[in-house]
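The structure appears right after this line, and notes come after that.
The values are calculated or read from the model by the stated rules, or taken from the named source; none is laboratory data. Just so we're clear, the structure is a prediction, and the values are computed from it rather than from any experiment. Because the Cβ atoms are built from the backbone with ideal geometry, glycine has one as well, and the counts that use them run over all protein chains shown.
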Amino acid sequence: MTSIGTGYDLQNSVFSPDGRNFQVEYAVKAVENGGTCVGIRCKDGVVLAVEKIITSKLLKPGANKKIATVDRNVGIVSSGLIPDGRHFVSRARDEAASWRSTYKAPIPLAALAGRLGGYVQAYTLYSSVRPFGVTAIVGGWDSAGALGVDGQVGSGPSAGAGGKIPGAKAGGPALYMIEPSGSYWGYYGAATGKGRQTAKSELEKLGLASGNLSLEAGVKEAARIIYVAHEDSKDKEFELEMSWISSMDGPTKGRHQEVPKDMLEEAEKLAKTALEGEDEEETTAPEGETMEE
Amino acid sequence: MNHLPQAWGRPRDDVYGPYDASYLQSRLPQTHTQSPIVTGTSVLAVKFKDGVVIAADNLASYGSLARFTDVKRLRPFNSKSIVGIGGDVSDMQYLDRLLNSLDVTENYSSTGHSLNAKNLHTYLSKVMYKRRSDINPLWNQMLVAGLDGNDEPFLSSVDLLGTTFSSPTLATGFGAHLAQPLLRKVADDESKVADITRERAVEAVKECMKVLFYRDARSLDRYSIAVVTKEGGLELKEDEQLEGQSWAFAETIRGYGRTQEA
């Protein structure tokens, strides 16, 4: 890096003459080495998936979860420094709880992403702190129906002032990605971590903007993309962790939950066969030396 | 000469005797709830061999006025527990939010364990006892119904003093006087629970809801009823109508201003 030795990267919140904040860029580097995370916004829900590199054989399989639940309807997964990610999740939980105590209703995803973006950005402003070493994917489902206020006991007037608008629809699936700079965007498909480039190009192929991908298909795609993105670091073993959020009348009833075990295994099996298929196409050499999975 | 501002413009102590300083207080002593305002009446519940049935009517009264007639007083917690709440409705709303936030924080970890009805009852009893010890009680009596850690039927009560007790059949409020004796005919002892079918339990609860509607002036004929079983989870119906009412007995009542035979 040409910037090294110029002195502008020694302190947080300092601009270089060409308008860069190097500490933030270094934080992005920390993220780029993290396990690949993928989020897909499907028509009837959101899927989150993460490649969990197994750093020791002594770690218990299935333990040390990387996807966290924030409010009932929100999940967060992040690449980069794990403790930073934990603190980020803890802040998200506080924001969601504080929203509930003020407004007596779950926090909308857009508001949560905004607050988290603001929080992360504050860590780029002061010399006494360092930026967050995580890029986080925040997924959730904003309830589409007229949601009761927490603690509500009656149904209120059926029409007129304070009444309900028949057939009114709001909410739906939401997916945001928050970067170390504090900037955040809403996505159809989001990827971060080591395999993000591969994952992004795979996500683009899904045509998510048309809104046709179902949640069940999204689970399978997310698993496949994590497997494809892992190809470049094949020497390392990994574990796939996935969670999902559906609409109120979908399989998770508007809640953020782990993808059921049998469904996860099914998706993994499909991902592996899809990969084998690709390998055969690439190495149609007479020896037919396919890599063993 | 007294230069203290609170003495300005007041009668001199040396001439008129000591001034009553309590008039100088800018605020009243802090007080807490002395009585409930908007209230829900009885909650009934019966254990049967596979689960628990619980019911409460949909009325919130403001004194003797039937103020709100679509109030849900059975608050589901999760698939294996539900709380029926009688007493002050605003305190019920507070408790509902408290349980809501408890459920959110309980689901942060994905261990696959969830709070059962017994855990929930313990939690609520601690909340209620803390509040009564602060001399600021939540003016409610609650029945917690559902399944315990072994998926066995669980039913227990907690009130505004933090008092807890359990029985195969329970009723709060007016129901404790009118319904409990009838429910004890169904099961007066824990050993009887194994012989009670779901149908028998539901029928007994419905019958008692009817008796309560006849005799409790703060009750309503629209009610909520829930059944918790291991197989079916939580089945909640929130807008039921009392069936088979007969007011023929009213003719036989004497008193309340009625002086002559009909």
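A single member of B:Asn116, B:Asn150 is within 30 Å of A:Pro61 (Cβ to Cβ), crowded, with 19+ Cβ neighbours inside 10 Å, more than 14 Å from every other protein chain (Cβ to nearest Cβ) and not hydroxyl-bearing (Ser, Thr, Tyr), and it is B:Asn116.
Would you check if there is a residue in region B:102-112 being surrounded by fewer than 16 Cβ atoms within 10 Å (Cβ to Cβ) and away from chain A (no Cβ under 12 Å)? Scanning region B:102-112 turns up no residue that is surrounded by fewer than 16 Cβ atoms within 10 Å (Cβ to Cβ) and away from chain A (no Cβ under 12 Å). Spot the failing condition for A:Arg86; the list is (1) basic (Lys, Arg); (2) free of Cβ contacts under 8 Å to residues at least 40 places away in the same chain; (3) more than 13 Å from chain B (Cβ to nearest Cβ), and only one is missed. Checking A:Arg86 against (1) basic (Lys, Arg); (2) free of Cβ contacts under 8 Å to residues at least 40 places away in the same chain; (3) more than 13 Å from chain B (Cβ to nearest Cβ), the one that fails is (3). Only residues that are touching a residue at least 40 places away in the same chain (Cβ under 8 Å) and touching a strand residue (DSSP E or B) at 6+ places or on another chain (Cβ under 6 Å) were counted across region B:161-176, and they come to 8. Those strands (runs of 3 or more DSSP E) of region B:1-107 in which at least 1 residues are closer than 17 Å to B:Ala226 by Cβ, considering only elements entirely within it, cover B:38-40, B:43-47, B:51-57, B:74-78, B:81-88.
In the set A:Val50, A:Val89, only one residue is modelled with pLDDT of 95 or more and touching a Cys at 6+ places or on another chain (Cβ under 9 Å); that residue is A:Val50. Of all residues in region A:39-61, those satisfying the criterion of being in contact with a Lys or Arg (Cβ under 9 Å, 6 or more places away or on another chain), touching a residue at least 60 places away in the same chain (Cβ under 8 Å) and not charged (D, E, K, R) are A:Val47, A:Val50, A:Ile53, A:Ile54. Across region B:34-74, the qualifying residues are those that are out of contact with any strand residue (DSSP E or B) (no Cβ under 7 Å at 6 or more places or on another chain) and within 14 Å of another protein chain (Cβ to nearest Cβ), and the one among them that is nearest to B:Lys206 (Cα to Cα) is B:Asp70.
Every test in (1) at pLDDT below 95; (2) out of contact with any Gly (no Cβ under 9 Å at 6 or more places or on another chain); (3) of a type outside the set (A, V, I, L, M) is passed by A:Trp185 save one, and that test is (1). Report yes if A:Ala97 is within 14 Å of chain B (Cβ to nearest Cβ), closer than 18 Å to B:Ser109 by Cβ, among the aliphatic types (A, V, I, L, M) and outside any strand (DSSP E or B), otherwise no. Yes: the conditions hold for A:Ala97. Residues in region A:53-93 that are assigned to a loop (DSSP other than H, G, I, E, B), of a type outside the set (Val, Ile, Thr) and closer than 27 Å to A:Gly171 by Cα: A:Lys66, A:Asp71, A:Arg72, A:Asn73. For region B:1-38, a residue qualifies if it is free of Cβ contacts under 8 Å to residues at least 24 places away in the same chain and within 30 Å of B:Arg132 (Cβ to Cβ), and the qualifying residues are B:Ser22, B:Gln25, B:Ser26, B:Arg27, B:Leu28, B:Pro29, B:Gln30, B:Thr31, B:Gln34. Scanning region A:67-83 for residues that are under 12 Å from A:Leu48 (Cβ atoms) and within 14 Å of chain B (Cβ to nearest Cβ) yields A:Ile67, A:Ala68, A:Thr69, A:Val70, A:Val74, A:Gly75, A:Ile76, A:Val77.
Screening the candidates A:Ile82, A:Ile53, A:Ile67 for the property of being surrounded by 23 or more Cβ atoms within 10 Å (Cβ to Cβ) and either of a type in the set (Lys, Arg) or within 19 Å of the chain's Cα centre (by Cα) (or both) yields one hit, A:Ile67. Scanning region A:8-25 for residues that are surrounded by 14 or more Cβ atoms within 10 Å (Cβ to Cβ) and without any contact (Cβ under 8 Å) to a residue 40 or more places away in the chain returns A:Tyr8, A:Asp9, A:Ser16, A:Arg20, A:Phe22, A:Glu25.
When region A:100-113 is examined, which residues are found to be assigned to a loop (DSSP other than H, G, I, E, B) and away from chain B (no Cβ under 12 Å)? If the condition is that a residue be assigned to a loop (DSSP other than H, G, I, E, B) and away from chain B (no Cβ under 12 Å), then A:Pro108 is the only one that fits. Between B:Met128, B:Met92, B:Met142, the distinction of being within 11 Å of another protein chain (Cβ to nearest Cβ) and among the hydrophobic types (A, V, I, L, M, F, W, C) belongs to B:Met92 only.
Selection within region B:60-81: residues that are hydrophobic (A, V, I, L, M, F, W, C) and under 12 Å from the mean Cα position of the chain (by Cα). The member of this set that is farthest from B:Gly233 (Cα to Cα) is B:Ala60.
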